[in-house]
Amino acid sequence: QFYNTGQLFPEFAANIGGGQNIYNFAYYGLYSPVVLISYFLPFVKMSDYMMAAGVISLLAAVLLFYKWLLRRGITSRLSFLTALLFLLSGPMIYHSYNQIMFVNYMPFLLLALLGVDRHFQKRKSGLLILSVFGMILTSFYFSVGGLIALTAYAVTEYLKCGTENAAYEAEQENRKVSRNQKAGAEKK
């Protein structure tokens, strides 16, 4: 449609059925960053591009999953085996070549998990915001489940940070009491 009309956001697709409003297909990832890259490659057939995008999205998801597991403190061997199981899972393999719109949001979801960690560690939210935006653009239908998963993960990380902060503060208070007791004993 883009090449036929020259419009980035065409409203009507006359060649689909008897003509369709293009936004009827928005849940397929109409403005997915993965698909928008293809606009810069007019010399590549869309079918070839989508096959390559499926493979690249799958590999990106697996590598990001591996990286996230490593950052969670899991050993490299266990992280590798878990990422391999993720790669070889039936839904990932099947949808990566049959229905890419069901899994091409996954790299953005995994980037968002890394973004949650980054937010709690460095108080920087840019990665989280961009990856959630990418996930919504890629598949707003599946982004609902992704946002629920991100929220659950963020809540657990928040609670974990809260208990770690409370433990740290209690330790600091104990040290302060110990110093005061030592100073009181030295004065006597």
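Spin-label model, Arg123/Thr82: points 7 Å from Cα along the beta carbon direction are separated by 2.9 nm.
Protein chains only, probe 1.4 Å: how do Val155, Val116 rank by accessible area, largest first?
Working: Val155 75, Val116 5 Å².
Result of the area sort, largest leading: Val155, Val116.
Give me the accessible area per residue for the range 78-158, probe 1.4 Å, as a whole number in Å². All intermediate terms of the calculation are to be shown ahead of the outcome.
Working: 4420 Å² over 81 residues.
Dividing the accessible area of the range 78-158 by its residue count gives 55 Å².
Spacing of the modelled spin labels on Tyr97 and Tyr158, each 7 Å from Cα toward Cβ, amounts to 4.3 nm. For the range 31-45, 3J(HN,Hα) computed residue by residue from phi via the Karplus equation (6.51, -1.76, 1.60; θ = phi - 60°) reads 10, 5, x, 5, 7, 4, 4, 5, 5, 8, 10, x, 7, 9, 4 Hz, glycine and proline entered as x. A crude spin-label estimate for the pair Ser89 and Ile56, with each label 7 Å from Cα along the Cβ direction, gives 2.4 nm. Rounded to the nearest whole Hz, the Karplus-based 3J(HN,Hα) values (6.51 cos²θ - 1.76 cosθ + 1.60, θ = phi - 60°) of the range 139-156 follow the sequence 7, 5, 5, 8, 5, 4, x, x, 5, 5, 5, 5, 5, 4, 5, 5, 5, 5, with x at glycine and proline. Taking all protein chains together and rolling a 1.4 Å probe, Leu59 ends up with roughly 90 Å² accessible. Multiplying the residue separation of Arg72 and Leu36 by 0.36 nm and subtracting their alpha-carbon distance yields 9.7 nm.
Using a 1.4 angstrom probe with every protein chain in place, what is the largest-first accessible-area order of Leu147, Leu109? Could you put the intermediate results ahead of the total?
On the way: Leu147 60, Leu109 25 Å².
Accessible-area ranking of Leu147, Leu109, largest first: Leu147, Leu109.
Within the assembled protein chains, the solvent-accessible surface assigned to Leu111 is about 50 Å², based on a 1.4 Å probe.
The values are calculated or read from the model by the stated rules, or taken from the named source; none is laboratory data. Computed from a prediction, not measured in an experiment: that's the story for all the values here. Every residue, glycine as well, gets a Cβ built from its backbone with ideal geometry; the counts of neighbours run over all protein chains shown. Each accessible area value is taken on the protein alone, full model and side chains, heavy atoms only, with ligands, DNA and RNA left out. Shrake-Rupley method; radii C 1.70, N 1.55, O 1.52, S 1.80 Å.
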